[in-house]
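> Shown below is the structure under consideration.
The values are calculated or read from the model by the stated rules, or taken from the named source; none is laboratory data. Note that the structure is a prediction, hence the values are computed from the model and not measured. Here Cβ is always computed from backbone atoms with ideal geometry, including for glycine, and neighbour counts include all displayed protein chains.
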Amino acid sequence: MADSREYTSCLVDDLLVGIPVEAVREVTTGAELTPVPLASPLVGGLLNLRGEIVTAIDLRRCLQVGERPAGQRPVHLILRSDDGCVSLLVDEVGDVLDVADEDIEPAPRTLRGRIRELITGVHKLDGRLLLVLDTDGVLSFSSGELI
Amino acid sequence: MTEMDEILKEFVVESRENLDQLERDLIALESTPSSTDTLGSIFRTVHSIKGAAGLMQLPKLEALAHSGESVLSQLRDGALVINPAIAGGLLALADGMRQMLLHIDRSGGEGDVDCTAIVERLARLQQSSVPGPAAAGTRPDTVDGTRPVQSGIRVNVDLLDKLMNLVGELVLSRNEIVQFSSLQEHSVLLGTSQRLSAITTQLQEGIMKTRMQPIDTVWNKLPRVVRDSAEFCGKRVRLEMEGRDTELDRTLIEAIQDPLTHVVRNCIDHGLETPEQRLAAGKPAEGRLLLRAFHDGGQVTIEVSDDGAGIDVAAIARKAIEGGLLTPEQTRLMSEQDLVNLIFLPGLSTASKVTSMSGRGVGMDVVKTNIEQIGGRVTVHSQAGAGTTLRMRIPLTLAIMTALVVTSGDECYAIPQVNVLELVRVDAGEATQRIERIRDVAVYRLRGELLPLVWLHTELGQNGFQRLAADGAANIVILEADGVKFGLVVDEVRDTQEIVIKPLGRHVRAIAMFAGATIMGDGRVVLILDISGLAVKTHLLSNVRERGSVRHDAALEDTIARGEALLLVAGPDEGQMAIPLSQITRLEAFDRSALERVGGREVVQYFGDILPLATIASLLPEHAPRSRTPHGEHDGAVHVLVHTRDDRRVGVIVDRILDTVEHGLEDLRPATRSGVRGSVVIQGRVTEILDLDLICGGLDAPRPVWGQAVAPPELVGAEA
């Protein structure tokens, strides 16, 4: 059997996004978000994760796929990072998928905007495409206003 | 780690503490040579290190301790009397043992650390005196078995931090349970949760206390520093300490160690004079260095003062000019205190000669930076010939602070209580009168002082109008940051709480408006406002790099003594002028069309009265009154400062109101023309201080007999 990798799948709008399982610490829902004025629009807010203050980054805004419908609560995908935990706000979290490396294809050139920079490749699933997310890329934007 | 390693580590840690004690005792012994208690303590320390070293099979350390013990036993028996040479030798012994412990700690063995020089030095000390007859065989009988009873145990700091975090989480869980149980009609659950609540609170307090340490843990290293520095500089110094048991958070204790040591060295090197100079100046030959620490309103103040020559302001000014930091003109206009504050500028050392101790490029600017990093402030006061006092004010703990919770929009924000001066609520009816506007800047008059107002929702970039309280009142939090006072208008003021400060993640850390975040009782995250950051953002505080002017260095402004509140205005000929706010009754803006001319002068109808108007230019003797001055800008409004004198009001027309500042007037230079009190440098510009009492003397209008007939004026001053 060829090499394969496991991805946590999640829905962002109609996109199926895969995040390497080793980057994911946990999944949580229902946490209250405190908005951070003056921050980058990509910052969805701050949440209290068992006493630790975690910055939530809205994957919809990162991928520029439109705002989450009002009333729909995001799911927090808590990632490990060098600087403590970071939460990625997604719409839904699905199964862990095991995908063979040979199935990977580069992102289509016709993809435009930030999404193209943040997708490292595309996996062909049965009837669906899994977009592999560059988690470091998603987390590597700078702070908002620097006054 | 083997059991032996464990024991060895324990030995190293314990011995180091013993050596700290040894040094303290030696310094004490020098000043009171007859104290048998002190000598006994020294002896015990050396003896126990020697014994333990033997047990651990550390022969070199054992030999070293033994050589010291021999000297000590002669001291104890009176065969030797302590003198600087012996004290020096014994301190060298402590250094040697410390060095060896360091090696043991790192490598697990004595290695090839060479201590023969110290052993020989100690041996010479013995030979230099005749051994007393009772030298052999007598040992202090207190050596064995009478170690002080242990009242504490060693706890790993990481463990303590972990406990602290766990307690934090426990508090949050407790809050949830209490909230939940209050909804249930279950008396047992309710009772249990209340008990849980009380115990959790006690536990939290207890854990906090474990992090507190007396400042003496830093201070006890200073006697040695003082002794060595004094010896090096050829000075005589008496060190006094007050408030050694003042407690501080552990992390702060660590943070102040280096700055404090540096300041003490500085005092001895630069502050205190040599014995000869002191005697010539009529002071005792021995200089006095006083350390004081005390709690003061949620903060700890640490003072280091000497009775030396004070800071030579002339020398500082010279250095600043040589270094290109200031022009001679600027230094001439600066007050003595401003010049003293220059020592906090990077690259300014007043040491006439660079010594090995200070003047190594690590200046007072580093001390200041270090203290500011932990949320503290440094001020210095100096009096020529009488000495210098350096005062550091630092927060009790970094992790916990009292904060005022306010709201803006739907969110709560926490304001550090240290920045809050008072809370003011302006009722809807009063708001238009008491909140005045100068163009698009609002000010609030608080007991005769005009304070700039800042709206929190605007600064947070929240859209829409400020939500007023239900009754239309405005809530103003009067704040002070780095010496600047201003009012912050918020939606609601909630309450004050003890909050635990948590750092922000890197994606939001650089936002200057926020100092961190905290978690409230209900688990929500609340941002903590950084009031200095807010002041900079709203241009109340200048950004150092932005203006580049030395006088406007925020670092300096910290330390400027609180002065008089002044309104800065654009004067004639592009000059900057300032008027004491105490002389201004109101600020008004009239529509240009409201101005009328009566008997060759401009007037305006004002609250049923006639307000005579004049421009600053026309009031100053150098400027011939012009028949008509093109005042104000093109917006149709004329800015008028209303001045009241003996019940009569006059209006002074100004082109532009620039700012309100607080500025000391002790450095006032004499006036060059009448009507002006003098000049000072404000925000890097020479500014004349106008005296409205003087210049408006001729403007006093006679009481208008037709006053009653005049219709109330149409005021444009309070429009938004």
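> In region B:495-518, which residue that is assigned to a loop (DSSP other than H, G, I, E, B) and among the hydrophobic types (A, V, I, L, M, F, W, C) is farthest from the other protein chains (Cβ to nearest Cβ)?
Per the stated criteria, the residue is B:I501.
> For residues that are crowded, with 23+ Cβ neighbours inside 10 Å and of a type in the set (S, T, N, Q), scanning just region A:49-91, find the one that is farthest from the other protein chains (Cβ to nearest Cβ).
Out of the qualifying residues, it is A:S87.
> Could you tell me whether A:A31 is surrounded by 19 or more Cβ atoms within 10 Å (Cβ to Cβ) and outside any strand (DSSP E or B)? Explain how you work it out, then say what you get.
On the way: surrounded by 19 or more Cβ atoms within 10 Å (Cβ to Cβ): yes; outside any strand (DSSP E or B): yes.
Yes; evaluated as a whole, the condition is true for this residue.
Listed here are the residues, each with its yes/no results for (1) surrounded by 20 or more Cβ atoms within 10 Å (Cβ to Cβ); (2) more than 18 Å from B:S34 (Cβ to Cβ); (3) not hydrophobic (A, V, I, L, M, F, W, C).
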position: B:V81; (1), (2), (3): no, no, no
position: B:I86; (1), (2), (3): yes, no, no
position: B:L90; (1), (2), (3): yes, no, no
position: B:R106; (1), (2), (3): no, yes, yes
position: B:D112; (1), (2), (3): no, yes, yes
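> Condition test on B:I215, is it crowded, with 19+ Cβ neighbours inside 10 Å, at pLDDT 85 or above and either of a type in the set (F, W, Y) or under 15 Å from B:I394 (Cβ atoms) (or both)?
Numbers: crowded, with 19+ Cβ neighbours inside 10 Å: yes; at pLDDT 85 or above: yes; either of a type in the set (F, W, Y) or under 15 Å from B:I394 (Cβ atoms) (or both): yes.
Considered against the rule, which asks whether it is crowded, with 19+ Cβ neighbours inside 10 Å, at pLDDT 85 or above and either of a type in the set (F, W, Y) or under 15 Å from B:I394 (Cβ atoms) (or both), B:I215 comes out as yes.
> Taking B:E231 as meeting all but one of (1) modelled with pLDDT under 90; (2) in contact with a helix residue (DSSP H, G or I) (Cβ under 7 Å, 6 or more places away or on another chain); (3) surrounded by fewer than 17 Cβ atoms within 10 Å (Cβ to Cβ), write down the number of the exception.
Every condition holds for B:E231 apart from (2).
> Kindly establish whether B:L170 is part of a helix (DSSP H, G or I) and either over 20 Å from B:K502 (Cα atoms) or at pLDDT 85 or above (or both).
Values: part of a helix (DSSP H, G or I): yes; either over 20 Å from B:K502 (Cα atoms) or at pLDDT 85 or above (or both): no.
The answer is no for B:L170.
> Filter region B:390-446 down to the residues that are at pLDDT below 80 and of a type in the set (K, R), then identify the one that is surrounded by the fewest Cβ atoms within 10 Å (Cβ to Cβ).
B:R439
> Take the conditions away from every other protein chain (no Cβ under 14 Å), farther than 30 Å from B:S408 by Cβ and under 11 Å from the mean Cα position of the chain (by Cα) and apply them to A:T8. Does it pass?
yes
> Separate question: Can you find even one residue in region A:114-136 that is within 14 Å of chain B (Cβ to nearest Cβ), touching a residue at least 24 places away in the same chain (Cβ under 8 Å) and under 30 Å from B:D410 (Cα atoms)?
If we filter region A:114-136 for residues that are within 14 Å of chain B (Cβ to nearest Cβ), which is where we start, we get A:135-136.
Add one more test, that the residue is touching a residue at least 24 places away in the same chain (Cβ under 8 Å), and what stays is A:135.
Filter once more, keeping what is under 30 Å from B:D410 (Cα atoms): none.
Within region A:114-136, not a single residue is within 14 Å of chain B (Cβ to nearest Cβ), touching a residue at least 24 places away in the same chain (Cβ under 8 Å) and under 30 Å from B:D410 (Cα atoms).
> If I ask for residues that are farther than 17 Å from B:Q417 by Cβ, more than 7 Å from chain A (Cβ to nearest Cβ) and in contact (Cβ under 8 Å) with a residue 40 or more places away in the chain, which ones from region B:519-539 would you list?
B:G521, B:D522, B:T538
> Could you grab the pairs with beta carbons closer than 6 Å, sequence gap of 6+ or different chains, first residue in region B:420-443 and touching a residue at least 24 places away in the same chain (Cβ under 8 Å) and outside the structural domain of B:L658 (by TED's automatic domain parsing), second one surrounded by 13 or more Cβ atoms within 10 Å (Cβ to Cβ) and part of a helix (DSSP H, G or I)?
B:V426/B:R434
> Okay, next question. Take region A:34-48 and flag every residue that is more than 21 Å from A:E117 (Cβ to Cβ) and at the interface with chain B (Cβ under 7 Å from one of its Cβ atoms).
Hits for region A:34-48 are A:T34, A:P35, A:V36, A:P37, A:L38, A:L46, A:L47, A:N48.
> In addition: Regarding region B:514-523, can at least one residue be identified that is touching a Cys at 6+ places or on another chain (Cβ under 6 Å) and either at pLDDT below 85 or within 29 Å of B:L172 (Cβ to Cβ) (or both)?
Within region B:514-523, none of the residues are touching a Cys at 6+ places or on another chain (Cβ under 6 Å) and either at pLDDT below 85 or within 29 Å of B:L172 (Cβ to Cβ) (or both).
> Moving on. For region B:329-348, how many residues are crowded, with 19+ Cβ neighbours inside 10 Å and not in a helix (DSSP H, G or I)?
3
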